[in-house]
Amino acid sequence: RYWLDHGLTGTAADEIDDRQFERYLAEYISFAMTHREHLDGVMEFDSLSSERRAIARALMEEALETDLVPPAWRYEDGKDELLRLASLSKSLVVIAPSVHKDKQIMTLLAQLSGDGYKIHVHMAPNPEYVARIRPTSLSTMSWNAPLRFGELVTPRGAGIQRFHPPHDE
């Protein structure tokens, strides 16, 4: 089972025009629909302008099951936004590069997890940092960083193997 990440982050999300974004979104949704039976979740676009984010979310929810596209919360969004999203859905994506540094947020996330919320921690710097939350699933920076630098990451046995370009063939 897998989590599907759109891969469109930071300034790259804002640099493409509306037409390119619509094509990108259509391909993302199509891929998710084709592979739905293998997916535990599909990442929503969290780094877009609020208008694009809302359009993407509406189209994704229409095409896919709502449970397959849980709302994403970033630490920068603050505690009130986390509570608002938790009131809307029993599943959450926590984008977590620095969330482990805030004891209040960590306690709140652990309580939500204990109350039966499905929490996927995305971009955890180290699984031990977020173990207290007891997430349903997580992805680490060590999974995501190689993809940004053109490396191929594949499962191998109980671990992963990384192939650096040009040896990724």
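The values are calculated or read from the model by the stated rules, or taken from the named source; none is laboratory data. The model shown is predicted, which means the values in this text are computed figures rather than measured ones. In this analysis, Cβ positions are derived from the backbone assuming ideal geometry, glycine residues included, and neighbour counts consider all displayed protein chains. SASA here: full protein model, heavy atoms, side chains in, ligands and nucleic acids out. Shrake-Rupley method; radii C 1.70, N 1.55, O 1.52, S 1.80 Å.
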**Request:** With the condition kept exactly as written, say whether any residue in the stretch 23-32 is more than 25 Å from Arg1 (Cβ to Cβ) and of a type in the set (Ser, Thr, Tyr).
**Result:** no
**Request:** Working only within the stretch 94-116, note down all residues that are over 15 Å from Asp46 (Cβ atoms) and among the β-branched types (Val, Ile, Thr).
**Result:** Ile105, Thr107
**Item:** Residues satisfying the stated conditions in the stretch 29-76, i.e. polar (S, T, N, Q) and touching a helix residue (DSSP H, G or I) at 6+ places or on another chain (Cβ under 8 Å)
**Value:** Ser47, Ser49
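Considering only residues that are under 21 Å from Asp40 (Cβ atoms), open to solvent by 50 Å² or more (accessible area, probe 1.4 Å) and touching a residue at least 12 places away in the same chain (Cβ under 8 Å), which ones fall in the stretch 117-133?
In the first step, residues of the stretch 117-133 are kept if they are under 21 Å from Asp40 (Cβ atoms); the result is 117-124, 127, 130-131, 133.
Within this subset, residues satisfying the condition of being open to solvent by 50 Å² or more (accessible area, probe 1.4 Å) are 118, 127, 131.
Residues satisfying the conditions are Lys118, Pro127.
Across the stretch 39-70, which residue is surrounded by the most Cβ atoms within 10 Å (Cβ to Cβ) among those that are among the acidic types (Asp, Glu) and within 18 Å of Ile16 (Cα to Cα)?
Among them, the one singled out is Asp46.
State yes or no: is Leu4 crowded, with 16+ Cβ neighbours inside 10 Å and at pLDDT 95 or above? Full working, then the answer.
On the way: crowded, with 16+ Cβ neighbours inside 10 Å: yes; at pLDDT 95 or above: no.
No; evaluated as a whole, the condition is false for this residue.
Gln111: in contact with a helix residue (DSSP H, G or I) (Cβ under 9 Å, 6 or more places away or on another chain), under 29 Å from Ala131 (Cβ atoms) and surrounded by fewer than 17 Cβ atoms within 10 Å (Cβ to Cβ), yes or no?
On the way: in contact with a helix residue (DSSP H, G or I) (Cβ under 9 Å, 6 or more places away or on another chain): no; under 29 Å from Ala131 (Cβ atoms): yes; surrounded by fewer than 17 Cβ atoms within 10 Å (Cβ to Cβ): yes.
Judged against the criteria, Gln111 is not a match.
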